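In what follows, a structure is listed as structure tokens, so that the remarks can point back to it.
Every number here is computed from the coordinates shown, using simple stated rules; none is lab data. Please read these numbers as outputs of a predicted model, since none were measured by experiment. We place every Cβ from the backbone using ideal geometry, glycine too, and count neighbours over all the protein chains shown.
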Amino acid sequence: MKYLLKNLAILMFFPLFLVSCDNTTNPIINVESFNITLNRGIGSDIKILTEAIDGKYLFNSLIVFEVNIIDVNYELSEVYYNDNKLELTNNNQYSFYMLDSDVEIRTITKQKDLSDTYIDSIEEFNAVLPKIFKYSDNIVSQEYQISQTDNYGGVSVDSSQGGTRTRYLNNFYEDQFVQRFSDSETDEISGITQRGIINQNNLDYFYEVTDYLNDDSGDSASYIPYQEENIDLNLNVGFGYSYYRDYLTTLFGMMSNNPSGRLVTNFNEESFIDDGNLTLSIRFTVEEDNVVSIQLERDDVLTIENGIVIEDEVTSLVSYMDGANYIYQEASYNFIEGELTEFTGARLDPTEF
């Protein structure tokens with residue numbers, strides 16, 4: 001009986017509400033809104049086409065977004081909003097109704113199948129070096145941050161180095177850096193590396209001198225014979241020359257010493273673009289008795305504008321003894337264009353080190 005009386009009371013009130021609604025404002029309904037974050041797979045870009053309100057999206061509103069592949073070496077594999085998988089489309093557009101919680105839009109990409117048309121020898125690498133070097137034009141400085149894990153026999157050591165490398169007029173280069181071991185700021189070590197040309201006994205040499213500002217035990221100087229055609233190889237701070245100097249020379253040495261090794265890449269002379277994103281992937285493997293004795297892996301995700309690399313995101317691995325010992329590295333580089341200037345700081349004398 002109480003249940004019936006309650007329902008009757010509701011019915012009696014409802015007509016009163018209808019009669020009085022002409023003289024009152026409509027009730028305000030608060031619709032909650034939520035955030036959308038983007039998780040882009042390598043080589044892909046996501047653009048939300050639905051307009052946000054104060055950076056958020058209304059619950060149950062239609063969300064339309066676009067997915068584009070911006071790296072020719074990758075293809076789209078899957079698209080999700082949170083854990084909900086969307087069917088791939090032909091027009092690159094996707095949609096869903098906004099959930100009553102924050103949403104992550106995520107794309108998963110996969111690298112296109114590698115084929116024999118890609119570079120697989122030192123000779124083919126040498127043929128494309130001019131295009132790689134071209135990516136360094138007009139670069140005067142390089143800002144970088146490198147983190148590294150060294151693992152030997154199960155013992156790992158983490159370290160990092162960040163700094164700025166600058167090329168100056170009159171064949172001079174300086175790298176101001178900070179090294180850190182572990183996460184403690186007390187373990188920071190600052191230093192300077194300079195490169196230039198010096199004459200000794202009527203012969204010219206390229207020199208490199210490193211000065212650790214608070215610890216002389218690591219200071220060093222080295223020399224190699226001067227050759228004019230190698231000026232950029234030693235002093236240029238753009239992507240192409242850094243890539244060659246810091247990685248390709250190591251790769252070529254490994255290949256020469258291990259002729260049975262297998263090189264696989266994802267690029268050839270037609271891959272180098274003037275604008276957009278390009279991923280350069282390299283895999284070199286040496287097997288002995290069905291065990292991987294040496295493994296080199298490196299991926300460079302390049303941002304290119306007007307034929308110049310301005311950003312590089314790197315992951316690399318050097319592994320020995322089937323992974324028992326390895327060096328894993330992640331790095332980011334920003335390359336700045338401009339005009340070379342005179343160096344006005346203090347020059348280190350390599351003969352004193």
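What the table below lists for this structure:
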{"item": "Selected from Val140, Val155, Val209 as most flexible by GNM, with the chain as the system and alpha-carbon contacts under 10 Å", "result": "Val155"}
{"item": "Normalised contact order of the chain, rounded percent, pairs of Cα under 8 Å and 6 or more residues apart", "result": "16 percent"}
{"item": "Top of Glu78, Glu342, Glu313 by mean-square fluctuation, Gaussian network on the chain, Cα under 10 Å", "result": "Glu342"}
{"item": "222 nm mean residue ellipticity, helices alone, for the chain (DSSP H n ≥ 4; -39,500 (n - 2.57); rounded to 500)", "result": "-4500 deg cm²/dmol"}
{"item": "Stokes-Einstein D in µm²/s, Kirkwood radius over Cα pairs - segment 51-95 at 10 °C with 1.306 mPa s viscosity", "result": "128 µm²/s"}
{"item": "For segment 33-111, share of DSSP beta bridges that run antiparallel, in % to the nearest 5", "result": "85 percent"}
{"item": "Karplus-derived 3J(HN,Hα), 6.51/-1.76/1.60, for each residue of segment 207-221, Hz, glycine and proline x", "result": "10, 9, 10, 10, 10, 7, 5, 10, 7, 6, 5, x, 5, 7, 8"}
{"item": "C-alpha long axis of helix 2-20 to longest principal axis of the chain, angle in °", "result": "80 degrees"}
{"item": "Whether segment 214-349 is rounded, prolate or oblate, judged on the alpha carbon gyration tensor where a/c under 1.5 counts as rounded", "result": "oblate"}
{"item": "Over segment 272-328, volume per residue of the alpha carbon convex hull, in Å³", "result": "67 Å³"}
{"item": "Residue among Asn325, Asn202, Asn68 with the largest mean-square fluctuation in a Gaussian network model of the chain, springs linking Cα atoms under 10 Å", "result": "Asn202"}
{"item": "Distant-in-sequence amide H partners of Tyr226 (H built 1.01 Å from N, under 5 Å)", "result": "Asp204, Tyr205, Phe206"}
{"item": "Rounded D (µm²/s) - the chain, Kirkwood Rh over Cα pairs, Stokes-Einstein at 20 °C, 1.002 mPa s", "result": "85 µm²/s"}
{"item": "Rounded to 5, percent antiparallel among DSSP beta bridges of the chain", "result": "95 percent"}
{"item": "On Cα atoms only, tilt of 122-134 relative to the major axis of the chain in degrees", "result": "70 degrees"}
{"item": "Mean Cβ count within 10 Å, highest first, over the residues of peptides 295-303, 247-255", "result": "295-303, 247-255"}
{"item": "Count of lysine pairs in the chain with Cα separation under 28 Å (8 or more residues apart, or interchain)", "result": "10"}
{"item": "Radius, Kirkwood style, for segment 33-111 when every pair of distinct Cα atoms is counted (Å)", "result": "12.7 Å"}
